[in-house]
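Note sheet for the following structure.
The values are calculated or read from the model by the stated rules, or taken from the named source; none is laboratory data. What you see is a predicted model, and the numbers here were worked out from it, not measured in a lab. Positions of Cβ are backbone-derived with ideal geometry, glycine not excepted, and every protein chain shown enters the neighbour counts.
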Amino acid sequence: EGTMISPTSAGFPHVPGIFTKEQVEAWKKIVDVVHSKGAVIFCQLWHVGRASHEVYQPGGDAPISSTEKPISKRWRILMPDGTHAIYPKPRALGIYEISQVVEDYRKAALNAIEAGFDGIEIHGAHGYLIDQFLKDGINDRIDEYGGSLANRCKFIMQVVE
């Protein structure tokens, strides 16, 4: 299941994170139990990007993305109270902010290693942040992260380095 890499990666209620020491300590207990049964466990790191809502974001800010284009109004997001709402307009990440999100992935991966996970999966599909950079129908950037396929792949390549 998806695990949040940072406070800005939230987009659903009750999703675990792996960006604080307390979360790492809690994961250690879970990982230890899984290992005690002879099984392996991987941590799936994700950032939902624009597939979020201000209610899930620190300070009530707009969700971040590769674009300012919101998700179609025909889709709804699950709110903490169980109701559904239209996805808000996201805020396109500035060039200077992208490196911070890459760093959030790196720190989350290190935290997963510290917690004892056997491996890490980077969630890059389902319209979440990495996918938002990859898709030419969503990514309308005119900088080094948009346009050509190579440019649109730059974000994921930095994440996996």
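Which ones in segment 35-57 are among the charged types (D, E, K, R) and in a loop (DSSP other than H, G, I, E, B)?
Of the residues in segment 35-57, the ones among the charged types (D, E, K, R) are 37, 50, 54.
Scanning segment 35-57 gives Lys37, Arg50.
Checking the condition farther than 27 Å from Ile30 by Cα and of a type outside the set (Gly, Ala, Ser), which residue from Glu144, Glu121, Glu114, Glu103 passes?
Of the residues listed, the single one that is farther than 27 Å from Ile30 by Cα and of a type outside the set (Gly, Ala, Ser) is Glu144.
Could you figure out which of (1) in contact with a Gly (Cβ under 7 Å, 6 or more places away or on another chain); (2) basic (Lys, Arg); (3) assigned to a loop (DSSP other than H, G, I, E, B) isn't true of Lys73?
So the condition that Lys73 fails would be (1).
Quick one: which residue in Phe155, Phe117 is farther than 20 Å from Glu54 by Cα, of a type outside the set (D, E, K, R), at pLDDT 95 or above and under 15 Å from the mean Cα position of the chain (by Cα)?
Phe155
Across segment 77-118, what is the number of residues that are assigned to a loop (DSSP other than H, G, I, E, B) and either at positive phi or not hydroxyl-bearing (Ser, Thr, Tyr) (or both)?
Number of matching residues: 12.
Of these, Tyr87, Tyr145, Tyr128, which one is in contact with a Lys or Arg (Cβ under 6 Å, 6 or more places away or on another chain), modelled with pLDDT of 95 or more and aromatic (Phe, Trp, Tyr)?
Details: Tyr87 fails: in contact with a Lys or Arg (Cβ under 6 Å, 6 or more places away or on another chain); Tyr128 fails: in contact with a Lys or Arg (Cβ under 6 Å, 6 or more places away or on another chain).
Going through Tyr87, Tyr145, Tyr128 in turn, just one is in contact with a Lys or Arg (Cβ under 6 Å, 6 or more places away or on another chain), modelled with pLDDT of 95 or more and aromatic (Phe, Trp, Tyr): Tyr145.
Anything in segment 8-28 that is in a helix (DSSP H, G or I), surrounded by 11 or more Cβ atoms within 10 Å (Cβ to Cβ) and not hydrophobic (A, V, I, L, M, F, W, C)? List them, or say none.
Result: Thr8, Ser9, Gln23, Glu25, Lys28.
Of all residues in segment 87-112, count the ones that are β-branched (Val, Ile, Thr) and loosely packed, with under 14 Cβ neighbours inside 10 Å.
Matching residues across segment 87-112 total 1.
Can you list residue pairs whose Cβ atoms sit under 7 Å apart, with the first residue in segment 30-59 being in contact (Cβ under 8 Å) with a residue 12 or more places away in the chain and of a type in the set (D, E, K, R) and the second being in a helix (DSSP H, G or I) and crowded, with 17+ Cβ neighbours inside 10 Å? Count only pairs 6 or more apart in sequence or on different chains.
Arg50/Gln132
Among the residues of segment 49-82, write down those that are among the β-branched types (Val, Ile, Thr) and in contact with a His (Cβ under 6 Å, 6 or more places away or on another chain).
At the first step, the residues of segment 49-82 found to be among the β-branched types (Val, Ile, Thr) are 55, 64, 67, 71, 77.
Within segment 49-82, just Ile77 meets the criteria.
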